[in-house]
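Please read the structure below before turning to the comments.
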Amino acid sequence: MQADLVFHGGPVFTDGARRTDPVAVRGGRIVAVGTEVKELTGPGTEVVDLRGRLLLPGFQDAHIHAVMGGVELGQCDLTGTVDLDEYLRRIVAYADGNPDAEWIVGGGWSMESFEGGVPDKALLDRVVADRPVYLINRDHHAAWVNSRALELAGITADTPDPANGRIDRTTTGEPIGALQEGAMDLVYVPPTTPEVRLEGLLRAQRLLHSLGITAWQDAMVCATNGYDDISDAYLTAAVTGQLTATVIGALWWDRDLGAEQIPDLEAKRERFTTGRLRCNTVKLMLDGIAENFTAALTEPYRDSCGCVTTNRGLSFIDPEQLPTYVRMLDALDFQPHFHALGDRAVRNALDAVEAARRANGAKDTRPHLAHLQVVHPDDVKRFAALNATANMQPYWAAHEPQMDDLTIPFLDPALAGWQYPFGDLHRSGARLAGGSDWPVSTPDPLQGIHVAVNRVHHGDNADGFLPEQALDLGTALTAYTAGSAYVNHLDDTGSIRPGFRADVIVLDRDIFAGPTTEIGDARVEMTFVDGRAV
C-alpha cells in the first residue's frame with residue numbers, strides 16, 4: 001500500500017535527536033521512518049523534497065489564550081510597540097473607524113511605556129472623551145481606562161480597593177486610570193458576542209497554524225471572575241468541523257467558590273469534550289504577576305527606594321484549602337493546571353500536588369505549573385519527584401524594561417536570581433513543556449525557543465539573562481513538541497514515529513546547522529495536521 005505523503009531530502013528532529021531519514025504518511029499517520037519509505041512511494045504519493053530544510057513534529061502550546069488573542073486582533077490592538085504616541089494614534093484610528101461602538105476596547109500596551117508602569121486616564125481623555133475606553137495591558141493583569149469608564153463604573157476616590165486588586169491613585173486619592181488585577185472587575189464591559197468569539201478563534205487558528213502549532217491548551221475556558229467565557233466558540237468550531245487543531249480546554253476554577261463547584265466542572269467536562277476539543281483540565285490561578293506586586297513571594301517586595309515592604313503578593317486561592325481542592329480534582333481524573341508565577345505560589349502548587357499523590361497515589365493526571373518566574377531552589381527537585389511538569393514561557397526570560405526597570409529593583413536580591421530557572425529544572429530531571437501565554441507575548445514558538453537557548457530576544461544586543469539557565473536547542477524543541485504533547489495527553493503526537501499522527505511541520509532551514517543566535521530568523525513553511533496541509 002503506497003503512502004499518501006513522503007518527506008525526504010532533509011534532516012528530521014524527533015525524540016531529542018536530529019537524524020536523516022525519509023518519512024512516509026498514510027491515512028493521517030506516520031507509517032514508516034527510514035529505508036522502507038522507498039517501497040511505499042508510488043505514483044499517487046505526494047513527495048515533499050525538504051532540500052535540506054528541517055522536518056519536526058508540530059509545535060504544541062501548553063499555555064495560551066487563543067480565542068482571547070484572536071478577538072483582540074480584531075479590536076484596538078496596541079501590541080508590537082511601546083511608543084506612547086503610537087498607542088494614541090491607534091486608539092484614535094480605531095475610534096474613528098468604529099463610530100457606532102459604544103465602548104473602545106482592546107489592549108496590548110506595555111507597562112514600560114509609562115512612568116512607574118502606571119498609565120494615566122488624562123491621556124485617553126485627550127483622544128476619546130465621549131465614550132468609555134477599556135484597554136488591557138499585554139499581561140492581562142491591568143486595565144487602562146478613561147474618565148468616562150470610571151464614571152460609568154462609579155469608581156471615585158471613596159471606592160475601596162477590592163481584596164484581590166488595586167485602584168492606582170494620585171497623591172490625593174483620585175483614581176489615576178489604571179486598575180490592577182481584581183479592580184478590573186469593577187468596570188462592566190459588555191461581553192463580546194458569540195459571533196465575535198468564533199471569528200476570533202478561527203482568526204487565531206489561522207495564525208497559530210502558520211506558526212507551526214498543531215495543538216494547544218487554552219488556559220481559560222468557561223471563565224468567570226470577570227473574564228469572557230469563550231467556551232461557546234470552541235464548542236461550535238468542534239461540532240461544525242471548523243476546528244482543525246486539537247485543543248485541550250482548561251476549565252476555569254472560580255476563585256470566589258470552593259469545592260462546591262466541582263460537580264459543575266464534571267458536567268462541563270462532559271459537555272465540552274467533543275471532536276477535536278477535550279476539556280479534562282482545570283486551571284487554578286494562584287497568584288498575579290511581579291510587575292504589579294501581586295505575584296506570591298516568600299520574601300517581601302521592595303519599594304521604589306529599595307526598602308523592604310510588608311507586601312508578599314496575593315494568593316487568589318486559599319493556600320490552606322488548595323491541597324483539598326487538588327486532591328478532589330485528581331481523584332476525578334482532572335489535570336491540574338496552575339498559574340504559579342511567584343515562588344510562594346509555586347511551593348503552594350507543589351504542596352497541593354504532593355497532597356494529591358499521598359491521597360490518591362501516582363495517577364496519570366499530569367499536573368503542570370505555568371510561568372515559574374521565581375522558583376525557590378528548595379523546590380526545583382520536587383518537580384521530577386512529583387512528576388509535575390514545568391510549563392515554561394521562555395520568551396519572558398530576557399532583559400527588557402519590564403524586567404530591568406519594573407521587576408528586578410522590587411524583588412529581594414535572592415529571588416531576582418532565581419527567575420525562570422529552566423536549566424536547573426532540566427538538570428534536576430523535570431519534564432519541560434513550552435507555551436506562549438499569547439496574547440501576553442508572541443505566539444511564535446521559534447521566538448520562545450530562541451530565548452530559551454540564548455536568554456535574549458532575537459535581534460537584541462543585550463546580555464543574556466541569567467545565562468546559566470539556558471537550554472540547548474534539542475531540549476527546547478522537545479519542550480515545545482513531546483513535552484507539550486505529554487501535558488496535553490496527546491500521546492500519539494509530539495514525535496515522528498510509526499503509528500503517530502502526522503502532525504508535522506517544515507521549517508525554511510535547518511536551525512541546527514547555523515549559530516543559535518539565528519534561531520529566531522527561522523520561519524515555518526508548511527504545517528500538516530493528520531497529514532493534511534493546514
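With unit charges on the beta carbon (Lys/Arg positive, Asp/Glu negative), name the residue among LEU150, VAL92, PRO439 whose Cα is farthest towards the positive pole of the charge dipole of the chain.
The residue sitting farthest along the positive end of the dipole is PRO439.
If a paramagnetic tag sat 7 Å from the Cα of ALA129 along the Cα-Cβ line, which residues of segment 60-95 would have the backbone N under 15 Å from that point?
Nothing falls inside the zone, counting backbone N under 15 Å.
Within the P(r) computed for segment 138-267, what percentage of the Cα pairs occupies the region above 19 Å? Numbers along the way, then the final one.
Details: 5032 of 8385 pairs.
Pairs farther apart than 19 Å: 60 percent.
I want to check the label-to-label distance for GLU468 and ASP83. Put each point 7 Å from Cα in the C-beta direction and report it in nm to one decimal.
4.0
Let a ≥ b ≥ c be the square roots of the eigenvalues of the Cα gyration tensor of segment 103-186; is it rounded (a/c under 1.5), or, if not, prolate (a/b larger than b/c) or oblate?
Rounded is the answer for segment 103-186, as its axis ratio a/c remains below 1.5.
Quick check: the angle from helix 231-240's long axis to the longest principal axis of the chain, C-alpha only, nearest 10 degrees?
Once rounded, the angle reads 30 degrees.
Work from the charge dipole of segment 194-487 (Cβ charges, +1 for Lys and Arg, -1 for Asp and Glu, about the Cα centre) and give the residue of TYR420, ALA355, PRO401 farthest towards its positive end.
ALA355
Multiply the residue separation of ARG169 and ASP100 by 0.36 nm, subtract the distance between their alpha-carbon atoms, and state the gained length in nm to one decimal. Write down the numbers at each step before the final one.
Numbers: separation 69, 0.36 × 69 = 24.84 nm, distance 3.12 nm.
Difference between extended and current length: 21.7 nm.
Quick one: Kirkwood hydrodynamic radius for the chain, alpha-carbon pairs, angstrom, one decimal?
Working: mean 1/r = 0.0419 Å⁻¹.
One decimal place: 23.9 Å for the Kirkwood radius.
For the chain, what is the charge dipole size about the Cα centre, in debye to the nearest 20, if Lys and Arg each add +1 at the Cβ and Asp and Glu each add -1 at the Cβ? List each step's numbers first, then the result.
Details: 45 positive and 75 negative charges, 350 e Å.
Here the size comes out at about 1680 debye.
What is the distance in Å between the Cα centres of segment 176-244 and segment 381-415?
Here the answer is 26 Å between Cα centres.
Placing +1 on the Cβ of each Lys and Arg and -1 on the Cβ of each Asp and Glu in the chain, which of GLY69, ILE230, GLN217 has its Cα farthest towards the positive end of the resulting dipole?
Of the candidates, GLN217 comes out farthest on the positive side.
Modelled label-to-label distance, THR516 and ARG51, 7 Å Cα→beta-carbon offset: nm?
With each label point 7 Å from Cα toward Cβ, the separation is 3.0 nm.
To the nearest 20 debye, what is the magnitude of the charge dipole of segment 387-534 about its Cα centre, counting +1 on the Cβ of each Lys and Arg and -1 on the Cβ of each Asp and Glu? Please list the in-between numbers first.
Numbers: 8 positive and 20 negative charges, 107 e Å.
It comes to approximately 520 debye.
Can you show me the helix-derived [θ] at 222 nm for the chain, built from DSSP H runs with n ≥ 4 at -39,500 (n - 2.57) apiece and divided by the number of residues, rounded to the nearest 500.
Value at 222 nm, helices only: -7500 deg cm²/dmol.
Tell me, what is the percent relative contact order of the chain, built from C-alpha pairs under 8 Å that lie six or more residues apart? Walk me through the intermediate numbers first.
Numbers: 1226 pairs, mean separation 91.7, N = 534.
Reported as a whole number, the value is 17 percent.
Check cross-link reach from LYS268 to the lysines: straight Cα distance under 26 Å, and skip same-chain residues fewer than eight apart.
Straight-distance partners of LYS268: LYS283, LYS363.
For THR224 and LYS38 in the same chain, what is the full-extension length gain: residue separation times 0.36 nm, less their Cα-Cα distance, in nm?
Values: separation 186, 0.36 × 186 = 66.96 nm, distance 5.39 nm.
Net length gain for the segment: 61.6 nm.
With a Förster radius of 25 Å, plug the Cβ-Cβ distance of ASP161 and ASP264 into 1/(1 + (r/R0)^6) and report the FRET value to the nearest 0.05.
0.25
In nanometres, what is the gap between the two model label sites at ARG497 and ALA384, each 7 Å from Cα along Cα-to-Cβ?
Simple spin-label model gives 2.1 nm for this pair.
Each value in this text was obtained by applying a stated rule to the coordinates, not by laboratory testing. Everything numeric in this text was worked out from a predicted model, so none of it was measured. Reconstructed Cβ throughout: ideal geometry from the backbone, glycine too, with neighbour counts over all protein chains shown.
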